[in-house]
Each structure stands twice: as C-alpha cells, then as structure tokens.
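Trainee: Dropping the structure in here first, questions after.
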Amino acid sequence: MSHSVIVIGSGPAGLTAALYAARANLKPLMIEGLEAGGQLMMTTAVENFPGFPEGIMGPDLMAAMRDQAQRFGAEMRRGNVTAVDLTRRPFTVTTEDKTHEGRTVIIATGASAKLLGLASERALMGHGVSTCATCDGFFFRGKPIAVVGGGDSAMEEAIFLTRFASHVTVIHRRDTLRASKIMQDKAFAHPKISFEWNTEVEEIRDPGEGVLSSLTLRNHVTGATKQLGVEGLFVAIGHVPNTTLFKGQLEMDGNGFLITRDGTRTNVAGVFACGDVQDHVYRQAITAAGSGCMAALDAQRYLEHEAAPEVRLEKSPEVR
C-alpha cells in the first residue's frame with residue numbers, strides 16, 4: 001500500500017501537518033519517532049501557545065494535538081524511522097519492522113538542544129533547567145539565573161532574560177566569547193549580566209528536591225570549585241537538527257538544517273520539511289505548527305498536480 005502522505009515526526013509541526021493532511025482526506029501516515037511529541041514532552045507549563053490563557057502542560061498540548069489529528073483520520077505509528085529512500089518513487093520510509101511507501105513525505109523530525117550531559121540536568125529539565133529563554137523566562141521573574149554558552153544564541157538568551165531575572169550569570173568554558181562583537185558589547189555593558197570564565201557546570205542541585213537551588217562550578221584552569229546560587233539554568237550551547245537520515249539526499253546548510261524554498265519545499269519534489277528541522281531562527285511551538293500547516297498544504301497541492309489519475313483527492317475544508 002502506498003500512502004499519499006507520510007509524516008515523519010510528531011511534534012507541533014508534524015501533528016499539525018497530519019491534521020491538515022487528514023482534513024484534506026489524504027489519510028496521512030505519521031511515524032512518531034522514539035521521542036513522540038518532540039521537545040514539548042520535556043516542558044512543564046506552556047504559556048505562550050495561543051488559545052490557552054491559563055497555560056497548558058507541554059505533554060497535554062501534544063496529546064490534544066495528537067487526538068485532533070486522529071479524529072480526522074491520521075494514522076499514527078509508534079517507532080523510529082531507520083532509513084529513507086528519496087531517490088525513487090514512491091518514496092520509501094523504513095521503520096524497525098516495516099517499509100512504507102509514500103507519494104509525498106513531510107519531514108518534521110525537529111532539532112535537539114545540545115545538553116551538558118549531566119544526570120541532574122535531565123532530572124531537572126522543566127523544573128529549573130531549560131533550553132529556551134523565550135519559552136520559560138517569565139517563570140524566573142525576580143530570580144537569579146545562569147546561562148551556559150558563549151555564542152550569539154547564549155548572549156541573546158542572557159540579554160532577553162534580564163527582563164525577568166534579578167541577575168544573569170553567563171558561564172563559559174573559554175576566556176573569550178564566540179559571539180559577534182555587537183552581541184558581546186551588549187552583554188558586557190548590561191548591569192545585570194556577569195561572567196564566569198574558563199568554567200563548566202559540574203553539578204546541578206538539587207534533583208532530589210525537584211527544584212534547582214545551586215550549581216557547582218569548576219574552573220578548569222585553576223581547578224577551583226564553588227557554588228553559585230541560582231534558581232534557573234538555561235543551556236544555550238546550540239541545537240542539532242535531526243537530519244542524519246537525509247544526508248546525501250536532501251540539501252542542508254552548514255549546520256545540517258534542511259534548506260526549504262517556496263514555502264516548505266526541499267530540493268526533492270514531493271518532499272517537504274517543517275518545524276525546527278529547517279528553522280534555526282525562531283524554534284517556537286507556534287511557528288513549528290504554522291510551518292506544519294504550510295507543509296500539508298504544499299503536499300496537497302503537489303498531489304493535485306502530480307498524483308496518478310486514479311488517486312481521488314478532495315479540497316481541504318475551510319483552508320484559509
């Protein structure tokens with residue numbers, strides 16, 4: 001059986017793509033991946049997604065989006081994609097136990113934030129540890145926090161967080177920043193930002209209490225350790241797009257993000273990309289969902305022009 005649409009990934013982008021494709025009567029197949037629901041499954045309260053004035057828990061938002069897509073006929077499959085072949089038609093998407101064929105493929109595999117690799121970091125993710133200042137900065141109003149990183153993203157996060165935090169400590173493993181000069185100048189000039197140089201986070205406390213109370217820092221030049229009392233830690237050392245499967249088949253930028261043009265189209269006709277796998281700028285749930293809608297509409301229009309005559313397609317209802 002060949003599917004009209006196969007969606008790879010089940011975060012906000014993938015679920016929105018599945019919803020719109022299902023409402024267009026395309027009967028999409030979604031392969032959810034090992035981390036079904038994407039990065040929002042590690043998020044506690046989401047307060048900036050439109051339509052939820054009191055906020056909503058990240059896993060609850062993903063569950064609601066999943067239920068909505070299924071209501072209109074999207075087929076969900078647990079498991080991970082192990083291989084894809086985008087060089088022949090129909091395209092093939094292989095999981096651990098089966099190979100699926102699709103006339104179009106929507107890639108919504110997202111990007112993973114680089115982490116420090118500490119067990120306590122995972123334990124306190126969403127409970128003091130975050131990878132998104134825009135998402136979570138509001139929760140730290142009047143509190144001391146720290147940002148790990150030395151690039152433009154880290155400086156942007158630190159400067160943004162000064163709107164809420166009582167003080168922001170930037171922790172960097174080198175003695176100079178990688179950020180552009182204009183971003184460095186802004187950070188150095190800000191009265192609420194200070195720096196810990198040649199320093200790494202050795203431990204995050206206290207996962208046993210379920211809250212972040214302090215960091216153990218180690219200066220790797222002197223070997224000295226000290227405690228830094230903070231209530232929030234933002235890890236800003238970059239993101240890795242989940243694009244390994246597509247190397248050699250789809251066009252990527254120097255950091256591995258998929259390149260899209262004219263909406264969500266990749267360099268292979270019939271293959272579309274949406275969400276954080278192609279967006280290294282905004283990385284928000286709402287922008288991912290918006291691009292998921294675009295990908296489904298792009299796939300629908302492609303099928304209307306390219307599908308075999310016997311394939312009956314219907315216009316998506318209420319598309320605006």
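The values are calculated or read from the model by the stated rules, or taken from the named source; none is laboratory data. Note that the structure is a prediction, hence the values are computed from the model and not measured. When we count neighbours, we look across all protein chains shown, and the Cβ atoms used for this are built from the backbone with ideal geometry, even at glycine.
Trainee: Please go through region 147-163 and give me each residue that is closer than 16 Å to Phe195 by Cβ and in contact with a helix residue (DSSP H, G or I) (Cβ under 9 Å, 6 or more places away or on another chain), ordered by number.
Mentor: Those that are closer than 16 Å to Phe195 by Cβ and in contact with a helix residue (DSSP H, G or I) (Cβ under 9 Å, 6 or more places away or on another chain): Val147, Val148, Gly149, Gly151, Asp152, Ala154, Met155, Glu156, Glu157, Ala158, Ile159, Leu161.
Trainee: Determine whether region 28-41 contains at least one residue that is of a type in the set (Asp, Glu) and touching a Lys or Arg at 6+ places or on another chain (Cβ under 9 Å).
Mentor: yes
Trainee: (1) surrounded by fewer than 20 Cβ atoms within 10 Å (Cβ to Cβ); (2) touching a helix residue (DSSP H, G or I) at 6+ places or on another chain (Cβ under 8 Å); (3) β-branched (Val, Ile, Thr): which one isn't true of Val221, the others all being true?
Mentor: (2)
Trainee: Same structure again: Counting only residues that are in a helix (DSSP H, G or I) and out of contact with any strand residue (DSSP E or B) (no Cβ under 7 Å at 6 or more places or on another chain), which one in region 42-65 is modelled with the lowest pLDDT?
Mentor: Only one residue tops the list, namely Pro59.
Trainee: Note down all Cβ pairs under 7 Å where the first residue falls in region 285-304 and is charged (D, E, K, R), the second is surrounded by 20 or more Cβ atoms within 10 Å (Cβ to Cβ), and they're at least six residues apart or on different chains.
Mentor: Asp298/Thr264; Asp298/Phe272
Trainee: So, one more: Among the residues of region 46-74, write down those that are surrounded by 17 or more Cβ atoms within 10 Å (Cβ to Cβ) and touching a residue at least 40 places away in the same chain (Cβ under 8 Å).
Mentor: Result: Val46, Phe49, Gly58, Leu61, Met62, Met65, Arg66, Ala69, Phe72, Ala74.
Trainee: Name the single residue, out of those in region 90-117 being crowded, with 16+ Cβ neighbours inside 10 Å and not in a strand (DSSP E or B), that is farthest from the chain's Cα centre (by Cα).
Mentor: Pro90
Trainee: Within region 128-144, which residues are part of a helix (DSSP H, G or I) and more than 14 Å from Ala236 (Cβ to Cβ)?
Mentor: Result: Phe138, Phe139, Phe140.
Trainee: Just give me the residues in region 1-40 being in a helix (DSSP H, G or I) and farther than 17 Å from Thr287 by Cα, in sequence order.
Mentor: Those that are in a helix (DSSP H, G or I) and farther than 17 Å from Thr287 by Cα: Ala21, Ala22, Arg23.
Trainee: Which one is surrounded by the fewest Cβ atoms within 10 Å (Cβ to Cβ) among residues in region 243-255 that are at pLDDT 95 or above and in a loop (DSSP other than H, G, I, E, B)?
Mentor: Gly248
Trainee: Right, next: For region 179-228, how many residues meet the condition of being within 24 Å of Ser166 (Cβ to Cβ), assigned to a strand (DSSP E or B) and among the basic types (Lys, Arg)?
Mentor: Looking only at that region, the number is 2.
Trainee: Which ones in region 145-168 are surrounded by fewer than 17 Cβ atoms within 10 Å (Cβ to Cβ), of a type outside the set (D, E, K, R) and farther than 15 Å from Ala236 by Cα?
Mentor: Across region 145-168, the qualifying residues are Ser166, His167.
Trainee: Now for a separate question. Output yes when any residue across region 29-44 is acidic (Asp, Glu), within 25 Å of Phe234 (Cβ to Cβ) and either in contact with a Leu (Cβ under 7 Å, 6 or more places away or on another chain) or touching a residue at least 12 places away in the same chain (Cβ under 8 Å) (or both), and no when none is.
Mentor: no
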